[in-house]
């Protein structure tokens, strides 16, 4: 009996078309999950398929509410005895949603995200190939748990994957790790152990919390963080330069936030490498750590924001949040 794989459709480029040939208003998600499956008849050779449509939005429109719906759909699939789940999703935020699922879901089945860089109605669309590879991954006996992103014949762990190019088909990469596996003419070649590499927060959903993301650059001051504090922000993630540093002006405001009990997570805007407390002085990474900033390790800023939001939703205790980040696996 073939494995049972459920397709959870959310829209994205893989499902996007124009209304007609003369339409210049841009591509929008229009195709259902069933439409995507019907375009790839080879899928039936690898798994028994059913489809659930949870939303129909572009990746750049994805929000925490829809990410929570994906988690709900995955947990329902697990309760119903499904062997694996494939989530079709827009590429802009696919890595974020995959990481959300990896953190919030504790289920004994693989969750595989995929999508396309070229729309459904474009010549040479990569959607069908990616969808077939994702189904093959979800149906494979070596993939038993964890969240993954399958694209352009590579299988990435949700913990490390990042979108690296705006339009190329080989856009996804794992800068701090190798892919978990890759598809070759002879089948799947494994490069790492298939599993979750994320610190789990089972059952968590982002619930009425606000986490501000601020990026350091030449001349950045602390006014954005000051306004966020006035509005009652619950946490701040800093995409620092280099090893995790900020300007002196931004650093001063971040220290004030820490003094007020607002968790501040320090990451780097660089795709690869980890943060480190090397530099002192105003805004230096070591200065901010000594003030109480939480090191984000090699976690990308946008993923750190998801993790902090889920951690704050699950427990508002600052020490619980700090412990969760300190328990993150890094290379």
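Here the stretch 66-86 is the region considered, the condition is being farther than 25 Å from residue 207 by Cα and more than 21 Å from the chain's Cα centre (by Cα), and the residue that is surrounded by the fewest Cβ atoms within 10 Å (Cβ to Cβ) is 81.
Taken together, the residues in the stretch 291-317 that are within 19 Å of residue 104 (Cα to Cα) and assigned to a helix (DSSP H, G or I) amount to 14.
Sub-6 Å Cβ pairs linking a first residue in the stretch 292-316 that is in the same structural domain as residue 175 (by TED's automatic domain parsing) to a second residue that is buried (at least 24 other Cβ atoms within 10 Å of the Cβ) and modelled with pLDDT under 95, at least 6 apart or interchain, number zero.
Looking at the stretch 112-131, can you tell me whether even one residue there is part of a loop (DSSP other than H, G, I, E, B), more than 15 Å from residue 39 (Cα to Cα) and either touching a helix residue (DSSP H, G or I) at 6+ places or on another chain (Cβ under 8 Å) or at pLDDT below 95 (or both)? Scanning the stretch 112-131, I find at least one residue that is part of a loop (DSSP other than H, G, I, E, B), more than 15 Å from residue 39 (Cα to Cα) and either touching a helix residue (DSSP H, G or I) at 6+ places or on another chain (Cβ under 8 Å) or at pLDDT below 95 (or both), so the answer is yes.
Just wondering, is there one or more residues in the stretch 202-209 that are surrounded by fewer than 12 Cβ atoms within 10 Å (Cβ to Cβ) and more than 18 Å from the chain's Cα centre (by Cα)? Taking every residue of the stretch 202-209 in turn, at least one turns out to be surrounded by fewer than 12 Cβ atoms within 10 Å (Cβ to Cβ) and more than 18 Å from the chain's Cα centre (by Cα).
Among the residues of the stretch 241-257, are any under 27 Å from the mean Cα position of the chain (by Cα), more than 18 Å from residue 217 (Cβ to Cβ) and touching a residue at least 24 places away in the same chain (Cβ under 8 Å)? Yes, the stretch 241-257 contains at least one residue that is under 27 Å from the mean Cα position of the chain (by Cα), more than 18 Å from residue 217 (Cβ to Cβ) and touching a residue at least 24 places away in the same chain (Cβ under 8 Å). When every residue of the stretch 33-45 is checked against the conditions, none turns out to be out of contact with any helix residue (DSSP H, G or I) (no Cβ under 9 Å at 6 or more places or on another chain) and closer than 29 Å to residue 302 by Cα. Summed over the stretch 91-111, residues that are under 24 Å from residue 46 (Cα atoms) and assigned to a loop (DSSP other than H, G, I, E, B) total 4. The residues of the stretch 97-107 that are surrounded by fewer than 24 Cβ atoms within 10 Å (Cβ to Cβ) and touching a helix residue (DSSP H, G or I) at 6+ places or on another chain (Cβ under 7 Å) amount to a single one, 107. The conditions of being assigned to a loop (DSSP other than H, G, I, E, B), over 18 Å from residue 128 (Cα atoms) and outside the structural domain of residue 114 (by TED's automatic domain parsing) are met by residue 204. Of the residues that make up the stretch 180-196, is at least one surrounded by fewer than 21 Cβ atoms within 10 Å (Cβ to Cβ), in contact with a helix residue (DSSP H, G or I) (Cβ under 7 Å, 6 or more places away or on another chain) and either within 24 Å of residue 325 (Cα to Cα) or modelled with pLDDT of 95 or more (or both)? Within the stretch 180-196, one or more residues are surrounded by fewer than 21 Cβ atoms within 10 Å (Cβ to Cβ), in contact with a helix residue (DSSP H, G or I) (Cβ under 7 Å, 6 or more places away or on another chain) and either within 24 Å of residue 325 (Cα to Cα) or modelled with pLDDT of 95 or more (or both).
Could you please tell me which pairs satisfy a Cβ distance under 8 Å, a separation of 6+ or placement on different chains, a first residue in the stretch 59-81 that is modelled with pLDDT under 95, and a second residue that is crowded, with 20+ Cβ neighbours inside 10 Å and part of a helix (DSSP H, G or I)? Filtered contacts from the stretch 59-81: no entries. Might you check whether a residue that is in the same structural domain as residue 312 (by TED's automatic domain parsing), touching a residue at least 12 places away in the same chain (Cβ under 8 Å) and under 18 Å from residue 274 (Cα atoms) occurs anywhere in the stretch 225-237? The answer is yes; a qualifying residue exists.
Restricting attention to the stretch 225-248, the residues that are part of a helix (DSSP H, G or I) and surrounded by fewer than 16 Cβ atoms within 10 Å (Cβ to Cβ) total 4. Summed over the stretch 132-166, the residues that are in a strand (DSSP E or B) and surrounded by fewer than 24 Cβ atoms within 10 Å (Cβ to Cβ) give a count of 3.
The values are calculated or read from the model by the stated rules, or taken from the named source; none is laboratory data. Remember, it's a predicted structure, so these values are computed and weren't measured experimentally. Cβ coordinates were reconstructed from backbone atoms using ideal geometry, including for glycine residues, and neighbour counts include every protein chain displayed.
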